[in-house]
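Encoded as structure tokens, the structure appears first; notes follow it.
The values are calculated or read from the model by the stated rules, or taken from the named source; none is laboratory data. Nothing here was measured: the structure is a model prediction, and the numbers come from that model. We place every Cβ from the backbone using ideal geometry, glycine too, and count neighbours over all the protein chains shown.
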Amino acid sequence: MNTLRYICKRLLLVIPLLIVISVLAFLLSNLSSGDVASVAIRNEGGIVNDVTLAAKREELGLDKPLAVQYLNWLSKAARLDFGNSFTTKKPVIYEIGRRFPATLELALMATLIAVALSVPFALISVRYKDKLPDFIIRVLTTVGATMPNFWLGLLLLYFFAIQLGVVPVISGSKFSNIFLPAFVMSLEHMALYTRLLRGSIIQVMDSGYIKAARTKGLTYWAVMLKHALRNAVLPCMTLLTTNLSGLICGSFAIETIFSWNGIGKFAVESVKSKDLPVVEGYIMAVALTYILINLIMDIVYSYVNPRIRLEGGKS
């Protein structure tokens, strides 16, 4: 009963959040895009004058009060109908949907690389705490957390694509060329995971059950892998979920630098061309993706840590 109540409570919180995001998306995109009717006419190859402007504003519903425009837009957005892109003339949901798999591949690969590097780095750092390996790893994670990924992306692209020629300058969205952009995206997250996991393991290693396991004759690595790591990884789940949600929503800089045909690059191009329907659709799609992923992980985490479920079920 507590589980069902917790899930229902989390679902109800999503509704007002989406409404607030929709208001912000509509207002920000409309107020910052200039004359939408002029942009639409130019993208269609037409001539902008008083007659064509009046006709286009009536066609797009821009001649109505802003509140009416929002309600009309919201009624369609609730059905995932964000209109057609001014640039491609195709439905926005189609344009976002066909680019989403590329962004998802890149996000999952970046997360996989970050986890694959952070776990052994954290284990080595704890094993040699306050010694040279620990110092080197802490320096590397500090650099990784503070280095701008767009600068590193440009540097690696110049070295591997132009100097060595081992990767193409324009990768499109080919899976064979995914490692370099995914690696650049993973470094910041790898640094954060390593530092958080290191601190969590050190804290867990001082627990009574860990000391009891050591007194039973288990080796250091047996205790570390079977007991300490499993319990220390729980605090990292929240950070991992948040970062994964952000990666799935698209990395503007990395997708643009590596010409990766994901939703982040598409959003940048749409902002440049003032493609209002795409901008609005992208904001709502990103918000919905972010909320759903965090909602799913909250529910999963409530099973891993029952105290959250019990506290969330209280009212």
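Does region 187-210 contain at least one residue that is in a helix (DSSP H, G or I), of a type in the set (G, A, S), closer than 16 Å to A145 by Cβ and within 15 Å of the chain's Cα centre (by Cα)? No, region 187-210 has no match at all. Among all positions in region 80-90, there is at least one residue which is within 21 Å of the chain's Cα centre (by Cα), surrounded by fewer than 19 Cβ atoms within 10 Å (Cβ to Cβ) and among the aliphatic types (A, V, I, L, M).
Once region 91-111 is narrowed to residues that are under 19 Å from A25 (Cα atoms) and either surrounded by 21 or more Cβ atoms within 10 Å (Cβ to Cβ) or of a type in the set (D, E, K, R) (or both), the residue that is nearest to the chain's Cα centre (by Cα) is I96. For region 223-264, the tally of residues that are under 11 Å from the mean Cα position of the chain (by Cα) and in a loop (DSSP other than H, G, I, E, B) stands at 3. Within region 76-96, the set of residues being in contact with an Asp or Glu (Cβ under 9 Å, 6 or more places away or on another chain) and either assigned to a helix (DSSP H, G or I) or without any contact (Cβ under 8 Å) to a residue 12 or more places away in the chain (or both) comprises A77, T88, K89, P91, V92, I93. Could you tell me whether R214 is among the charged types (D, E, K, R), farther than 19 Å from R98 by Cβ, outside any loop (DSSP other than H, G, I, E, B) and in contact (Cβ under 8 Å) with a residue 12 or more places away in the chain? Against the criterion (among the charged types (D, E, K, R), farther than 19 Å from R98 by Cβ, outside any loop (DSSP other than H, G, I, E, B) and in contact (Cβ under 8 Å) with a residue 12 or more places away in the chain), R214 does not qualify. Here I296 meets each of (1) under 16 Å from the mean Cα position of the chain (by Cα); (2) at pLDDT 85 or above; (3) over 17 Å from N30 (Cβ atoms) with one exception, condition (2).
Remark: pairs (first residue in region 48-62, within 18 Å of N72 (Cβ to Cβ) and at pLDDT 80 or above; second residue acidic (D, E) and surrounded by 11 or more Cβ atoms within 10 Å (Cβ to Cβ); Cβ separation under 6 Å; 6+ apart in sequence or on different chains) = R57/D63.
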